1. Quote to one decimal, in nm, the extra length available between Leu74 and Ser103 on full extension: 0.36 nm per residue of separation minus the C-alpha distance between them.
2. Among [x] 98, 32, 19; [y] 42, 35, 31; [z] 66, 43, 32, only one was calculated for this model; which label is it, if the read-out is Cα extents along the principal axes in Å?
3. Roughly how many Å² of Met14 are accessible to a 1.4 Å probe, to the nearest 10?
4. Using a 1.4 Å probe over the heavy atoms of the protein chains, calculate the carbon and sulfur portion of the accessible area of the stretch 99-142 as a whole percent.
5. In square angstrom, what is the accessible area per residue of the chain with a 1.4 angstrom probe?
6. If I take every Cα pair under 8 Å that is 6 or more residues apart in the chain, average their sequence separation and divide by the length, what percent do I get for the relative contact order?
7. Heads up, I need the accessible area for Val137: 1.4 angstrom probe, whole protein in place, Å², nearest 10.
8. Rounded to the nearest 5, what % of the DSSP beta bridges within the chain are antiparallel ones?
Amino acid sequence: MSLQDTPVGTSVFMVNATDPDQGTGGSVLFSFQPPSPFFSIDGARGIVTVTRRLDYETTIAYQLTVNATDQDKLRPLSSLANLAITITDVQDMDPIFTNLPYSTNVEEEAPLGFEVRKIRAIDQDLGRPRGIGYTIVSGNTNSVFALDYISGSLTVNGRLDRENPLYSAGFILTVRVCIEFRYFKG
């Protein structure tokens, strides 16, 4: 297993093979068949190293074939083994709003708690889903609207009065969406 943000040059696995032959025929060299653009293997030590940036959203696992060849001069023997490297997603992508732009009309006498609309965003990361939280960061004069942090439900939280000079031009709310990191003990 390897994290998608594993730096290039990091060792992620060590392959091991033995050969009972004596002398040079007993030493084993490793290679990938076919070569991998994302990983290299140290021929003598069997250490597998990341050679390019890994991205979970592009590839979630790599299936590599390791060739172990002894160094017998007359009749070299080899054996193949499969190596599966699974990439673990790192939460590296920002959430995005859906169904933009948001524009809504609300009746002047809408009751407190009236749902104006739902604000929606999605987490672009493909790994373990994370919760999304919503907050109003500006434009909510006198807190006449409330935004449920979890559901994204925008509701009336105060009296709307068109004759009030603060409200006559309408409202332009700025909403921030953030990803909630939740850690579970298992």
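1. Gain on extension, Leu74 to Ser103, equals 2.6 nm.
2. Read-out taken from this structure: [x].
3. 130 Å²
4. Ligands and nucleic acids excluded, carbon and sulfur give 49 percent.
5. Accessible area per residue: 66 Å².
6. Result for the chain is 17 percent.
7. Number for this one is 70 Å².
8. Here the share of antiparallel DSSP bridges comes out near 95 percent.
The values are calculated or read from the model by the stated rules, or taken from the named source; none is laboratory data. Keep in mind it's a predicted model, so treat the numbers as computed, not measured. We place every Cβ from the backbone using ideal geometry, glycine too, and count neighbours over all the protein chains shown. Heavy atoms of the whole protein, side chains included, go into the accessibility calculation; ligands, DNA and RNA do not. Shrake-Rupley method; radii C 1.70, N 1.55, O 1.52, S 1.80 Å.
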